[in-house]
1. Within the range 230-242, is even one residue in a loop (DSSP other than H, G, I, E, B), within 21 Å of the chain's Cα centre (by Cα) and not hydroxyl-bearing (Ser, Thr, Tyr)?
2. Limited to the range 191-206, what total is found for residues that are open to solvent by 20 Å² or more (accessible area, probe 1.4 Å) and hydrophobic (A, V, I, L, M, F, W, C)?
3. Would you confirm whether or not the range 76-84 contains a residue that is more than 15 Å from the chain's Cα centre (by Cα) and in a helix (DSSP H, G or I)?
4. List every residue pair whose Cβ atoms lie under 7 Å apart, where the two residues are 6 or more positions apart in sequence or sit on different chains, the first residue falls within the range 257-283 and is on the phi < 0 side of the Ramachandran plot and among the polar types (S, T, N, Q), and the second residue, located anywhere, is surrounded by 12 or more Cβ atoms within 10 Å (Cβ to Cβ) and in a loop (DSSP other than H, G, I, E, B).
5. Kindly establish whether PHE65 is modelled with pLDDT under 95, open to solvent by 30 Å² or more (accessible area, probe 1.4 Å), of a type outside the set (Lys, Arg) and touching a helix residue (DSSP H, G or I) at 6+ places or on another chain (Cβ under 8 Å).
6. Mind listing whichever residues of the range 45-62 are of a type in the set (Asp, Glu) and either assigned to a strand (DSSP E or B) or surrounded by 18 or more Cβ atoms within 10 Å (Cβ to Cβ) (or both)?
7. Only residues that are of a type in the set (Gly, Ala, Ser), surrounded by 15 or more Cβ atoms within 10 Å (Cβ to Cβ) and under 21 Å from PRO87 (Cβ atoms): list them for the range 18-44, please.
8. Return yes or no: is LEU144 in contact (Cβ under 8 Å) with a residue 40 or more places away in the chain, touching a strand residue (DSSP E or B) at 6+ places or on another chain (Cβ under 7 Å), outside any strand (DSSP E or B) and of a type outside the set (Lys, Arg)?
Amino acid sequence: MTPVRFIRETQLPGIPLVSRGKVRDIYEIDGKLLIISTDRISAFDYVLPDGIPDKGKVLNQLSLFWFAKTREIVPNHVIAGRVEDFPPILQPHRDVVSGRSVLAKKAKMFPAECVVRGYLAGSGWKEYQKTRSVSGVPLPAGLLESSRLPEPIFTPSTKATTGHDENISFQALEGLVGKDAAGKLRDLTLSVYLAASRHAESAGILIADTKFEFGILDGAILLADEVLTPDSSRFWPAADYAPGRGQDSYDKQFVRDYLERIGWNKQPPVPTLPEDVVAGTREKYLEIFRRLTGKQSLEG
């Protein structure tokens, strides 16, 4: 059977490559950034040899949807999201950049992930079981896994270049970015999350938690990178929600579950994915895109 094609790595001759992350390839054009979301997928800190077709388009177009929806709350880094509005130098590369790229302002990024939690899951649940708090935020006794929190909490984390990010306290964030900036980042994070949660719930989706990245340009704080995607968020179907257990999620948990099932030791060599896991993961990404945006198909 012919393998499904996906864009794993981009090459734009003559355009400087700034960085190649786990998912995104970033180029610089006249002082602006071209951020391309590839179809790479990572799990347990390794990029897998397979990709998920259309994953990059979902990440990019869902982010553009949220950037537009939240721009009254906080400005963002988007200059253009349609290939027709990109500079002439990019037009010969339409087949690569169309639907999966954004031309963005070059901001100085804050050295922290701005995490917000509306429900108790993941590392937050693990920490709560030990300390009855998350990132220094005390929580009521008796909460269960996946419990809805009395109110969303801001739990920043470090930006790890390798390995996992680590939760830090608000006071530690103040030490990293200053007291005034830390307060603004907290308030913006909670405001964007609450507005997004209202929209998501109207579509039958719960946003359990998510992380934002902010930068600063000309003295103004900008929302940047990706926003409320399956790579940066836990999206749960509201109809199936029940506290006291883990929830089904629209993200790459499908891939993680497969890798756990085959007993991979989380060391090289990284295993390949069977076609049914690739197809199932792709459908998860497409379904959350359709439900949140109301659009039935991707652009590009």
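1. Taking every residue of the range 230-242 in turn, at least one turns out to be in a loop (DSSP other than H, G, I, E, B), within 21 Å of the chain's Cα centre (by Cα) and not hydroxyl-bearing (Ser, Thr, Tyr).
2. Qualifying residue count, the range 191-206: 3.
3. For the range 76-84, residues more than 15 Å from the chain's Cα centre (by Cα) and in a helix (DSSP H, G or I): present.
4. From the range 257-283, the pairs are THR281/ILE52; THR281/LYS252.
5. No.
6. Within the range 45-62, ASP50, ASP54 qualify.
7. Of everything in the range 18-44, just one residue is of a type in the set (Gly, Ala, Ser), surrounded by 15 or more Cβ atoms within 10 Å (Cβ to Cβ) and under 21 Å from PRO87 (Cβ atoms), namely SER37.
8. When the stated conditions are applied, LEU144 does not pass them.
The values are calculated or read from the model by the stated rules, or taken from the named source; none is laboratory data. Please read all numbers here as calculations on a predicted model, not as lab measurements. For neighbour counting, all protein chains shown are included, and Cβ atoms are generated from backbone atoms with ideal geometry for every residue, glycine included. Remember, those area values only see protein heavy atoms, side chains included, never the ligands or the DNA or RNA. Shrake-Rupley method; radii C 1.70, N 1.55, O 1.52, S 1.80 Å.
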